[in-house]
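The values are calculated or read from the model by the stated rules, or taken from the named source; none is laboratory data. The structure presented is a predicted model; accordingly, all values stated were derived computationally and were not measured. Note: ideal-geometry Cβ built from the backbone for every residue, glycine included; neighbour counts use all protein chains shown. Accessible surface areas use protein heavy atoms only, side chains included; no ligands, DNA or RNA. Shrake-Rupley method; radii C 1.70, N 1.55, O 1.52, S 1.80 Å.
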Amino acid sequence: MNRSRIVVVGFCFFAGCSSFDPGLVSSDSGVNETGSDVSVDLDASIGSDVFVPPPPDCVPSTEICNGNDDDCDGYTDEDFAFTSDPNNCGQCGTVCDTGSCSNSTCDTIEVAETSSGISSLSNTVQVSALTAASSDLYLLAVTMRDPTAASVQSVSGMGLSWSLLRYQCSGRITQQLELWVASGTPVSSDIIVTVNNTVRSIASVAFRVSFLDSKSVGDLESSNTLGSQFCSGGTDSSSYSIDLDLTLADSLVISVAAMREKGHLPGSGFVEHAEIYAGSSGDVASVSIASKPASAAGVFNVSGNFTNNVDWSVIAFSLR
């Protein structure tokens, strides 16, 4: 490894030297320079860059991250990049659950990017491409404003294969909400959503999730004003509450809400990433995407409010 070196000869007694000059410090250039007997760490992104002569009886072995000079080269843990090593993030033995370490800190699962599209009196909507990242998960939420049982016929784009995860009608079937997930290797191209017939309005949000252990959706629930899959007989309300039974700790919980023309206020701790509207007056379709980290397994409440009573539908799920 090509590196600048500071040799601290003040530690020479470890090697059994009979005498030394504590004012001499040797550098890679081969020039002896006078200076104080100090240790200097030149690169904090890896293990110690301070050269300390190993004892004469040092037996070289494979360098492991343990605070010792295992390979007897005078350096400690020099093969480990603490700023980016997910198995030794910031220090030896700190393992990142997400498998990603940046600036000596474990990265957390996050909604990294969103893109939206809207249309009216149409059966298609176009959503601009997201960044293509092979390690990330791509999802799509679609809301259709129509008094009939409209549904998405197909989703294509970004070189991915898209499949339906969940369909949730509202309690009076004034709108339909769908969640789709993609698989494959992404490329940069727009996403096209096609509905089975022409509807009043379509609102759609595509989103990319980073730092996942697995590209699969975990716990999944949905609801409407009836608290079920039933699509008629509901009474408008101004809030929602869904319990997810999380099987894994350190997850990211995502809520997808459809609320027609009303505003959305995500529950405590949730961060809203997108809130879009298509159409006007009584023909509005809308969708909101919000997320919140969940540190522990068990029952996790997903809740939120609307600016007024509305015929809503919500899908909630976890990612790990």
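A few remarks follow.
- Computed from the Cβ-Cβ distance with R0 of 56 Å, the FRET efficiency linking Asp57 to Asp190 stands at 0.25.
- Measuring only protein heavy atoms, the 1.4 Å probe finds Ser268 accessible over about 100 Å².
- Extension reserve of the Ser239-Gln126 stretch, reckoned as 0.36 nm per residue once the Cα distance is removed: 37.7 nm
- Each pair of Cα atoms in the stretch 167-222 enters the Kirkwood radius, and Stokes-Einstein at 10 °C and 1.306 mPa s then converts it into a translational diffusion coefficient of 110 µm²/s.
- The residues of the stretch 193-261 expose, per residue, 39 Å² of accessible area to a 1.4 Å probe.
- Phi angles of the stretch 223-230 translate, via the Karplus equation with coefficients 6.51, -1.76, 1.60 and θ = phi - 60°, into HN-Hα couplings of 7, 9, 5, 8, x, 7, 7, 5 Hz per residue; Gly and Pro are given as x.
- Apportionment of accessible area to carbon and sulfur, the stretch 157-225, percent (1.4 Å): 46 percent
- For the stretch 69-205, the spread of Cα positions along each principal axis, largest first, Å: 74, 31, 19
- Mean silhouette area of the stretch 195-273, derived from the convex hull of its C-alpha atoms and averaged over all directions, reads 7.5 nm².
- Estimated at the nearest 10 Å², the accessible area of Ile276 is 30 Å² with a 1.4 Å probe.
- Principal axis box of the stretch 123-199, alpha-carbon based, largest edge first, Å: 40, 20, 15
- Listed residues Val187, Val302 arranged by accessible area, highest first, probe 1.4 Å: Val187, Val302
- Area accessible to solvent at Arg320, 1.4 Å probe radius, in Å²: 50 Å²
- Sum of side-chain charges, Asp85 neighbourhood, beta-carbon under 12 Å (Lys, Arg +1; Asp, Glu -1): -2
- Note on the stretch 230-320: semi-axes of the ellipsoid equivalent to its C-alpha gyration tensor, largest first and rounded to whole Å, are 25, 14, 10.
- The residues of the stretch 54-169 present an accessible area of 45 Å² per residue when probed at 1.4 Å with all protein chains retained.
- The calculated FRET efficiency for Thr148 paired with Ser84, based on their beta-carbon distance and R0 = 51 Å, is about 0.45.
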